[in-house]
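The values are calculated or read from the model by the stated rules, or taken from the named source; none is laboratory data. Keep in mind that what you see is a predicted model, and the values were worked out from it rather than measured. Neighbour counts run over all protein chains shown; Cβ positions are idealised from the backbone, glycine included.
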Amino acid sequence: MSGHLPPLVVMGVSGCGKSTVGALLGQRLGMPFFDGDDFHPAANKQKMAAGVPLTDRDREPWLARLGELLAAKADGGAGVPPIVACSALKRRYRDLLRSHAPDIVFVHLAGTEATIGARMDARSHEFMPRALLESQFAALEDLAADEAHVLGDITQPLDILAETLELKLKPADAVMTGADDASGSPPTA
């Protein structure tokens with residue numbers, strides 16, 4: 001199955017469940033999963049831990065590294081593209097990722113600031129404090145019709161969310177450029 005899917009970027013604001021859902025999708029789809037947070041340089045992590053939002057300049061080398069990862073065959077050449085968790089909040093960040101791997105499909109985990117804030121209050125994160133959530137929502141730019149993507153409703157139970165996303169992503173030819181709704185309908189052109 002995974003040989004038929006393009007690289008996937010599980011995206012959204014901090015606290016939406018990118019790492020959890022990305023790892024689960026990796027298991028379900030037979031694709032290697034990488035947490036984009038693991039690729040941030042130490043300076044970026046220190047800045048965020050101090051409650052300072054990253055600038056575009058801070059993000060560029062990190063996004064370029066993730067783009068290279070998405071473009072490479074992460075499994076040593078067997079043809080299985082990766083899944084990467086990355087906030088990808090702005091169009092220009094997604095464009096940079098696509099400049100490396102044009103066939104990326106974005107899996108946007110969507111939820112309200114109140115829902116995600118409550119989740120952040122209940123967890124501990126290495127470097128992403130809740131204080132930065134407002135800046136994440138302010139930076140978030142909706143995916144455009146020309147960006148291949150599917151939406152996931154984070155209020156669904158995790159197993160239902162993963163199953164819904166898996167169905168939206170299968171078969172690979174069902175993943176077309178364009179938006180879909182959160183109901184599980186396949187994306188449209």
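Okay, residues lined up against (1) surrounded by fewer than 19 Cβ atoms within 10 Å (Cβ to Cβ); (2) among the small types (Gly, Ala, Ser); (3) out of contact with any Leu (no Cβ under 9 Å at 6 or more places or on another chain):
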position: Asp58; (1), (2), (3): yes, no, yes
position: Gly67; (1), (2), (3): no, yes, no
position: Lys90; (1), (2), (3): yes, no, no
position: Gly111; (1), (2), (3): no, yes, yes
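How about region 45-66: which of its residues are assigned to a helix (DSSP H, G or I), closer than 22 Å to His100 by Cα and not aromatic (Phe, Trp, Tyr)?
Residues satisfying the conditions are Asp56, Arg57, Asp58, Arg59, Glu60, Pro61, Leu63, Ala64, Arg65, Leu66.
Looking only at region 71-92, how many residues end up being farther than 10 Å from Val9 by Cβ and at pLDDT 90 or above?
Matching residues across region 71-92 total 6.
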